[in-house]
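The block underneath contains the structure these notes are about, expressed in structure tokens.
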Amino acid sequence: MLASARPARALATVLCPASAARALATRVAAALPGRDASASGEPSSAVVTSSRCASRAVSRRGLRGERVIPCAGKKGSRGGGSASGLLSGVHPDSVEAVARIVEKAQAASDQWRVETTAFLDPALAADALMCIERAADVAAFPWGGHERAERVRLIMGRPETLGEPWEDLGGGSAESVESSATTEDDAANDPPPENSFRALASDTDGAVVFLDVRGNFVFDAADHRDFLGAVLGTGIERDRIGDIYVQGERGAAILCAPEMATFLSSALKSVRSVPVKCFVEPLSSLRLPPPRRDEFTSIEASMRLDAVASAGFRMSRSKMSDLISAGAVRVNWREGCKPKTLVCSGDVISLRGKGRVEVGDVGETKKGKFQVELVRYL
């Protein structure tokens, strides 16, 4: 069903354990990258450009439907190498996790059933979707509760089993979620088949549910980290929780797996010093404000992370370098960045407590500098 495995000589250098490699070879019969990132002498945290940037652009189109333009090549950028096969183009840090997801997807396809992953961050979800799209007779749809969700679960199986998602499912606002979830023809007269994507993305009993955490935070305000810390303090893992939206003085909205909503309803008693109560609500009742965006252009001498991030967050380059070295900055939701890490079009730079910046189109001026389109989400 898939391309045959590469020679054992190439498989010896893959980035996942030998046992996982053997399982993957028999299960997905795919060639893993034959080039060890550590052997190149370049930092593993470097964000690749050129061919891998193009692969990342393709995966983002599958995840969010957005148009991403690959960055212009520049001296110092890293290419995707000559690796080919099912997992080619996957970030080295994600190879093992993506291999497990692909194996799970193909098992679902072979047995004509549906599998759902835990919540994935955007980078891992994009890599997994890219690889699943290369496989035959298997499909995957991301779902995090609404279209703008960052952390999503992949619903995987045969295309015939999953069916087609609603065209307006999770159209970017709570109103569109409500519209698609309560449309008379779809919800009443034509209920979705069991285990189809439409059934697993339903308003009340799907793969993602809305947990409304209510409390009076007027005198003890809580932020995202406070709510996340309180949730993890109950003993559950991060991959069971999706996005968390702080809703001012009244509490927060938490998107999570159904079993976690039941558990947290009884286990989550307080956030900071504020007593809270949890209620499972329909997804259609989730109200999110439209994202605030600031779009502008910056001229940079290089595409180094410290240069682009300092322009995006409007702070000095030296201060940004210190924040990067302290681990406060991530690129595509991955840690371990360095000031000299190269970024390209489509990359997302996040700064703890300051939001994130997305790198847009990258051009070149007459003087050989980079003209970078930046979008900051406030």
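Against the condition surrounded by 19 or more Cβ atoms within 10 Å (Cβ to Cβ), under 30 Å from residue 147 (Cβ atoms) and more than 24 Å from the chain's Cα centre (by Cα), how does residue 271 come out, does it pass?
Details: surrounded by 19 or more Cβ atoms within 10 Å (Cβ to Cβ): yes; under 30 Å from residue 147 (Cβ atoms): yes; more than 24 Å from the chain's Cα centre (by Cα): yes.
Criteria met by residue 271.
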Worksheet entry | Condition broken by residue 85, with the remaining ones in (1) surrounded by fewer than 20 Cβ atoms within 10 Å (Cβ to Cβ); (2) farther than 29 Å from residue 284 by Cβ; (3) not basic (Lys, Arg) satisfied | (1)
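In the stretch 233-257, which residue that is of a type outside the set (A, V, I, L, M, F, W, C) and assigned to a loop (DSSP other than H, G, I, E, B) is nearest to residue 151 (Cα to Cα)?
Pass one, the stretch 233-257, residues of a type outside the set (A, V, I, L, M, F, W, C): 233-235, 237-240, 242-243, 245, 247-251.
Checking the rest, the ones that are also assigned to a loop (DSSP other than H, G, I, E, B) come to 233-235, 237, 247.
Details: 233: 20, 234: 20, 235: 20, 237: 14, 247: 18 Å.
This residue is 237.
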Discussion item. Testing residue 266 on (1) assigned to a helix (DSSP H, G or I); (2) among the small types (Gly, Ala, Ser); (3) surrounded by 15 or more Cβ atoms within 10 Å (Cβ to Cβ), one condition comes back false. Which one is that?
Written reply: (3)
Worksheet item: Hey, among 90, 152, which residue is at pLDDT below 90 and crowded, with 23+ Cβ neighbours inside 10 Å?
Response: 90
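Which one of 230, 311, 307, 261 is in the same structural domain as residue 370 (by TED's automatic domain parsing), in a helix (DSSP H, G or I), at negative phi and touching a residue at least 12 places away in the same chain (Cβ under 8 Å)? Explain how you work it out, then say what you get.
Details: 230 fails: in the same structural domain as residue 370 (by TED's automatic domain parsing); 307 fails: touching a residue at least 12 places away in the same chain (Cβ under 8 Å); 261 fails: in the same structural domain as residue 370 (by TED's automatic domain parsing).
Only one candidate passes the filter, namely 311.
The values are calculated or read from the model by the stated rules, or taken from the named source; none is laboratory data. Keep in mind it's a predicted model, so treat the numbers as computed, not measured. Counting neighbours? That spans all protein chains shown, and the Cβs are built from the backbone with ideal geometry, glycine included.
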